[in-house]
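Student: Okay, handing you the structure first.
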Amino acid sequence: MGCSKEKTELVFGEAPEERISEELAQWKSALVSAPNGWIAGMGTSAKGGYGFYMKFTDDDKVSMYSDYNAASAKTSQTSTYRLKWGMKGTLIFDTYNYLSIMQDPVPGVAGGAAGKGYQSDVEFEFARLSGDSAIFTGKKYQNTLVLVKATKTQEEQFQKGDYETSIAKFNSFFNTNAYLKLSINNVVQQVAFDLANKSLSFTSLQEDGAFNAKSAKFYYSMNTIEILDGLVIDNIVMKSFSISANGTLVALDAAGKEYNIEVVDKPVFPFELYFNYNKTYNAIYIEGSKMPAGVTSDFNTLWNNQIANYTANNVSMISMTFRLISSKQAKLEVWFRSGSTDYLADASYDYVISGNTIKLSNYVPSVSNANWNNGWVITAIKNYFIDAEFEMAWVTSSTSKSAMIGGLIKKNTPTSFFYGNVKKM
Amino acid sequence: MICVFALGSLLSCSKDNDNLTVDLTKYNPDITAQNDVDKWLTSNLVNPYNIETVYRFERNFTDVNRDISPVYLQQVEPMMNAVLTTYLQPYEKIGGKTFIKTYTPKQFVLYGSPSYNTNGSITLGTADNGRRIVLYELNSLDFNNPAAVKRPVRTIHHEFTHILNQNIVIPPAFEQISKADYTADWTGAANTAAVAKSLGFVSQYSRSSFGEDFAEMNAHLLVEGQVWFDNYCATTSPAAAAKLREKEKLVVSYFKDYYNIDYRALQAEVQRVLKEEYGATDPVDQTKTFKAYLIGNKVASFTFNPTASHYATYGQSSSFQTVYDNYKTSMASKGWTVQSIQFIFASASKMTFRCVFTSGTTTYNADYDFNMSVDYATGKTQFTKALPEGSGGSYNNGGNESIKPAFEAYILPYLTNRVFVASFFPTAMTASDPDFGKFGGFYVDGTASNYFYGPIVLK
C-alpha cells in the first residue's frame, strides 16, 4: 500500500547552492582572467559619469585608476573586492577605493550632499557578460557599471600616467571651444559638454521652433570620452568622442561610423530663438566699465563716452541692462555708484518682435526716478534706443571662443550694435 | 482516533529528502582569500579572544537605508590594534583573561564614513545585544592625533560598559543622583555642553538616561583620564561637582564590588597605553588653582607680614601697603603695635581676618569674621561682614574700643567694597616654577596692582 516516491524533481537541474556556485565562479573567472584589466564607466544619480581602470586578481584585490581627479588618474590604489550572492550575484568593492569617493556621504570628501554623496553604489549586481564587456547595475541607485576589457597597450598607458594627459587634452579642448556642431541624418545638432557635472547634451531644432535636447552622462576612457549607456539621436546610438590627429573632435556611433564635429565661434542656433521675455534669456547686460572683449561696434564709442562722463563726475558704472520685462514692454536700466550708494537711471519702451527683428516704440524716460532725465545717461545712448529697430543676433568675439554675447544690430547698419552677455532676469 | 492514526501510519511513505538537504561543503563563502590584514587579525584577535572583525563592506550590519562608505584597508589594522591595546589588554591585565574573554563583544564591524541621521547628527558607534560593536568614520581617523584616537576608544569603552551593565545591573543609587535631569531630548538645542556640565553630567549624551550616563562616566574616566575629570569637576559649580564625584564613586565601586576590578589600576593602564603608544598627554591641571583650593576647603590660612623676604622677591602692592600702613598707624596711636595680619579660612564660605599685635612683650590677636563667596569659573571673590561676631578672647579683643575703630576705618571698607579675584602669586608664575602654588591671595578685579598675598598654609 505504501508509496514509493521518486526523487524530488529539480526544476533547474541542480541544487540552488550549486547553481549559485557556478555563476559566482563564472563571474569571478571572467573578472580575473582579463589579462590587461578593464576600463570601466559608472553613472551616479546626483552627478555625471566616472571612468576607471580596474585590474582584479584572484586574491580578492582590485587596483584602480580613476578620472575623478589628476591624482587618481595617475596613482594606482588597491583595495579588496568580493563576489557575494544576495538576491543576485553582486560585486562589492568592499574596502575604500576611488569608486567609493562618489558614494562617500561626507560632504568634505568630494562635495556631495551630506549623507548622500553623488548617490552612487559600492555594490553592483550582475547584469550580463557579453563579449568583451561585463555589465553591472548599482544595487541601490541602479546606475550602470560597465567594464570593457583593456588592451595591452591601454594597460601600459594607464601605468605610464597617460590617462591624466588624455583627460587634460579633452578638457583644454572644451575650455577653448565651447560651441560644437555636427549633423546626424542631416539634422544639425549642437553638442555641449558640462565638465563639472560630467554630462553632455545634443540639441536640435524641431520644426515647431522648439529645442529638442537630449543629455547623458559621460566618462573618460583612454584617449576617448565614452557616453554611459549611449545616447540615441534619431535612431542612431552615439557612443564616444575622440580627438583626431589634426586636433579635431570626432564622434562615433555604435556602428563605428565617424562624425566630424565643427567648432563654431558662437552658439549654433540663432539668437532670436533664445531671446524673448519668456525664453532662455531675456536680458543683454554689460557689467562694470568694460564691454565684452574682442568686439568691434559703433556702440563702443558711445559706451566710452558714457564711461568718460561718469569718470568726470566721480561715479562709476555698475551695469547697463536691456531686458524684456513683459510680452510688450522692455527697459534699459543703468546702475551706477556714487561713493558707496548705488543709483538707477531707467527708461522703458514698448516692443514688437517679428522674426529676428525687434522694434521699439513709446519711449518713456525716467521710469523709476529723475536720474535718466538728469543726465546720468548720455544723449547719444538715449537716442540709440528711441524708436529703434534692431536685428537680434549672436555676436562673435575675436578673443574668446566661449563667450556668449547677444547683440542688437541697428537696422541696415551692420557695424552698429548694442551687445553684452545674456541672462534670464 | 487510534484507528485513524494506525491507518495513516500504514499508508505513509518514506520521502526522499536528499534534494532538500543543503550540502554545506558546497556552501558559497564570499570571502575567498586571506590577506595580510586578515592574518594579523587572526593571530591577534581571533585566536586569543575569538573576536571577528568585519571590515569588508557588509550592508546588513548597518542601516540599509543609509549611504555608508567602506573603510580603507590600511585603517583596519591600526584601528583594531587600538582596540587591542587600549581596551582588551588593559581589561585582561587588570580584570583577568576569563573576565575579558567572557564579556567582550565578539564582533567588530568597521565603516569608513559616519552614519548620517535624519536630524543632521551623525552616529559614530553602536552596540548590539552585547555581541557586536559597530564603529564608523574611521577613514578620516588620524592615528597620530591622540584626541582623534580617543574618540573611537571612548565609544568602545562606552559600549562595553553597557555589556557589563546587562550582566550586572547598575546600582540603584546611581539613578537617583541626577534622576530629575534625564531627558529623551538630549540632542535638543537646550542641552548644550555647558548646561549638561552645570547639571552634573560628564557629557551631553549622559543626559539621555542613567544607563548612558553610567557608560559615559566610565568611558570618560578611563579614556580622558583622572586629570581631565578632576578639571571638569573643578570648573563647574560645587553642586554639579558633588554629583559628578558621587557618580565617580559608584562607578569605581561597581567595578570593585561586582567584577573585583581595581578601577584605578584599570584607569592607569588605559592611560599608560594612550600616553605611551598614542602620545596622549594629560591636560593642564586646573585643580591646582587658589580658587579651587578655597572652594575645596583646602586652605587653612595665609599671613601678610610686609617684612617677609618673599615680598622683596615677588613684589608688593603699594596700594595695599598704604591700607596696611594706615591701619598700623591708627593702631599705634592707641599703643598697639601691629606685627602682621592673617586670613584664616574656616570653610569654603567663611574667612576670619586676624590682626596680630603686641603691647610690650605680649602678643595679642584680634579677630573679625567675614562671609566669603568664590566663583568657581572666574575666581571672583566677595567678602561680607558676618554678624554677630564670634565669641572668645580674640573676638573680644577685636571688639575693644581702642582696637575696633582702626579696623572699621581701614580694613572693613577695603575688604567689603571690592570684588577680588583669588589667585596664586605672583600671578604670572607658571606651573614649572618650584615656588608655584606656594603663595596665594587676592587682587582687586580690574586693578591688578592692588593685591595682597602670603604663604599658603594648607589644612
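Yes or no, residue by residue, for (1) surrounded by 18 or more Cβ atoms within 10 Å (Cβ to Cβ); (2) in contact with a Cys (Cβ under 9 Å, 6 or more places away or on another chain); (3) among the small types (Gly, Ala, Ser):
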position	(1), (2), (3)
B:Pro105	yes, no, no
B:Ile133	yes, no, no
B:Ala147	no, no, yes
B:Thr155	yes, no, no
B:Glu159	yes, no, no
B:Ala173	no, no, yes
B:Gln176	no, no, no
B:Lys179	no, no, no
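Student: Just one of A:Asp59, A:Asp94 is at the interface with chain B (Cβ under 7 Å from one of its Cβ atoms), more than 23 Å from the chain's Cα centre (by Cα) and without any contact (Cβ under 8 Å) to a residue 12 or more places away in the chain; which is it? Walk me through it before giving the result.
Tutor: Numbers: A:Asp94 fails: without any contact (Cβ under 8 Å) to a residue 12 or more places away in the chain.
Among A:Asp59, A:Asp94, only A:Asp59 is at the interface with chain B (Cβ under 7 Å from one of its Cβ atoms), more than 23 Å from the chain's Cα centre (by Cα) and without any contact (Cβ under 8 Å) to a residue 12 or more places away in the chain.
Student: Please enumerate the residues belonging to the stretch A:290-322 that are closer than 23 Å to A:Ala393 by Cα and of a type in the set (S, T, N, Q). Talk me through it step by step, then tell me what you get.
Tutor: Let us first name the residues in the stretch A:290-322 that are closer than 23 Å to A:Ala393 by Cα, namely A:290-304, A:319-322.
Listed by number, the residues that qualify are A:Thr296, A:Ser297, A:Asn300, A:Thr301, A:Asn304, A:Ser319, A:Thr321.
Student: Which of the residues spanning the stretch B:162-171 are buried (at least 16 other Cβ atoms within 10 Å of the Cβ) and either among the β-branched types (Val, Ile, Thr) or touching a strand residue (DSSP E or B) at 6+ places or on another chain (Cβ under 9 Å) (or both)? Can you show your working first?
Tutor: Our first condition is that a residue be buried (at least 16 other Cβ atoms within 10 Å of the Cβ); within the stretch B:162-171, this holds for B:162-165, B:170.
Once the filter is applied, which keeps residues that are buried (at least 16 other Cβ atoms within 10 Å of the Cβ) and either among the β-branched types (Val, Ile, Thr) or touching a strand residue (DSSP E or B) at 6+ places or on another chain (Cβ under 9 Å) (or both), the stretch B:162-171 yields B:His162, B:Ile163, B:Ile170.
Student: Just give me the residues in the stretch B:72-102 being among the hydroxyl-bearing types (Ser, Thr, Tyr) and open to solvent by 50 Å² or more (accessible area, probe 1.4 Å), in sequence order. Write out each step before concluding.
Tutor: So in the stretch B:72-102, the residues among the hydroxyl-bearing types (Ser, Thr, Tyr) come out as B:72, B:85-87, B:91, B:98, B:102.
Selection gives B:Tyr72, B:Thr98, B:Thr102.
Student: Residues that are open to solvent by less than 60 Å² (accessible area, probe 1.4 Å): find the helices (runs of 4 or more DSSP H) completely inside the stretch B:262-335 holding 3 or more of those. Break it down into steps so the answer makes sense when it comes.
Tutor: Numbers: elements: B:263-278, B:290-295, B:310-314, B:318-332.
So the answer is B:263-278, B:290-295, B:318-332.
Student: If you scan the stretch B:425-437, which residues turn out to be more than 19 Å from B:Leu415 (Cα to Cα) and either among the β-branched types (Val, Ile, Thr) or in contact with a strand residue (DSSP E or B) (Cβ under 6 Å, 6 or more places away or on another chain) (or both)?
Tutor: Residues of the stretch B:425-437 that are more than 19 Å from B:Leu415 (Cα to Cα), as a first pass: B:426-437.
Residues satisfying the conditions are B:Thr427, B:Thr430, B:Gly437.
Student: Right, here's the next one. Scan the stretch A:182-228 for residues that are among the acidic types (Asp, Glu) and under 12 Å from the mean Cα position of the chain (by Cα) and report the count. Walk me through it before giving the result.
Tutor: Of the residues in the stretch A:182-228, the ones among the acidic types (Asp, Glu) are A:194, A:207-208, A:226.
When the remaining residues are screened for being under 12 Å from the mean Cα position of the chain (by Cα), the result is A:194.
The total comes to 1.
Student: Would you confirm, using the coordinates I've provided, whether A:Asp346 is of a type outside the set (A, V, I, L, M, F, W, C) and loosely packed, with under 13 Cβ neighbours inside 10 Å?
Tutor: Working: of a type outside the set (A, V, I, L, M, F, W, C): yes; loosely packed, with under 13 Cβ neighbours inside 10 Å: no.
In short, no.
Student: Can you tell me how many residues in the stretch B:346-376 are part of a strand (DSSP E or B), among the acidic types (Asp, Glu) and in contact (Cβ under 8 Å) with a residue 40 or more places away in the chain? Walk me through it before giving the result.
Tutor: Kept after step one, since they are part of a strand (DSSP E or B), are these residues of the stretch B:346-376: B:346-347, B:350-359, B:362-374.
So of that shortlist, the ones also among the acidic types (Asp, Glu) come out as B:367, B:369.
In the following step, the residues that additionally are in contact (Cβ under 8 Å) with a residue 40 or more places away in the chain were identified as none.
So the count comes out to 0.
Residue by residue, here is whether (1) without any contact (Cβ under 8 Å) to a residue 24 or more places away in the chain; (2) among the small types (Gly, Ala, Ser); (3) outside the structural domain of A:Lys279 (by TED's automatic domain parsing); (4) outside any loop (DSSP other than H, G, I, E, B) holds:
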{"site": "A:Arg323", "(1), (2), (3), (4)": "no, no, no, yes"}
{"site": "A:Ala345", "(1), (2), (3), (4)": "no, yes, no, yes"}
{"site": "A:Asn362", "(1), (2), (3), (4)": "yes, no, no, yes"}
{"site": "A:Asn383", "(1), (2), (3), (4)": "yes, no, no, yes"}
{"site": "A:Ser400", "(1), (2), (3), (4)": "no, yes, no, no"}
{"site": "A:Asn412", "(1), (2), (3), (4)": "yes, no, no, no"}
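Student: Of all residues in the stretch B:202-218, which are of a type outside the set (A, V, I, L, M) and either open to solvent by 50 Å² or more (accessible area, probe 1.4 Å) or in contact with a Phe, Trp or Tyr (Cβ under 9 Å, 6 or more places away or on another chain) (or both)? Can you show your working first?
Tutor: Step one: of the stretch B:202-218, the residues of a type outside the set (A, V, I, L, M) are B:203-214, B:216, B:218.
Across the stretch B:202-218, the qualifying residues are B:Gln204, B:Tyr205, B:Ser206, B:Arg207, B:Ser208, B:Ser209, B:Phe210, B:Glu212, B:Asp213, B:Phe214, B:Glu216, B:Asn218.
Student: Here is a follow-up. Would the stretch A:64-79 turn up any residue that is more than 10 Å from every other protein chain (Cβ to nearest Cβ), in a loop (DSSP other than H, G, I, E, B) and acidic (Asp, Glu)?
Tutor: Yes, the stretch A:64-79 has at least one match.
Student: Identify all residues within the stretch B:406-428 that are closer than 17 Å to B:Thr313 by Cα, in contact (Cβ under 8 Å) with a residue 12 or more places away in the chain and not in a strand (DSSP E or B); write none if there are none. Don't jump to the end; show me each part of the working.
Tutor: Just the residues of the stretch B:406-428 that are closer than 17 Å to B:Thr313 by Cα, to begin with: B:424-428.
Next cut, in contact (Cβ under 8 Å) with a residue 12 or more places away in the chain only: B:424-427.
Residues satisfying the conditions are B:Pro426, B:Thr427.
Student: Could you tell me which numbered condition A:Val32 fails, if it satisfies all but one of (1) hydrophobic (A, V, I, L, M, F, W, C); (2) touching a strand residue (DSSP E or B) at 6+ places or on another chain (Cβ under 6 Å); (3) crowded, with 24+ Cβ neighbours inside 10 Å; (4) within 12 Å of chain B (Cβ to nearest Cβ)?
Tutor: (3)
Student: Can you spot a residue in the stretch B:438-447 that is of a type in the set (Lys, Arg), under 20 Å from B:Ser301 (Cβ atoms) and open to solvent by 70 Å² or more (accessible area, probe 1.4 Å)? Working first, answer last.
Tutor: As a first pass, look at the stretch B:438-447 and keep what is of a type in the set (Lys, Arg): B:438.
Next cut, under 20 Å from B:Ser301 (Cβ atoms) only: B:438.
With open to solvent by 70 Å² or more (accessible area, probe 1.4 Å) added as a condition, the list becomes B:438.
Scanning the stretch B:438-447 turns up at least one residue that is of a type in the set (Lys, Arg), under 20 Å from B:Ser301 (Cβ atoms) and open to solvent by 70 Å² or more (accessible area, probe 1.4 Å).
The values are calculated or read from the model by the stated rules, or taken from the named source; none is laboratory data. Note that the structure is a prediction, hence the values are computed from the model and not measured. Ideal geometry is used to build each Cβ from the backbone, glycine not excepted, and the neighbour counts take in all protein chains shown. Remember, those area values only see protein heavy atoms, side chains included, never the ligands or the DNA or RNA. Shrake-Rupley method; radii C 1.70, N 1.55, O 1.52, S 1.80 Å.
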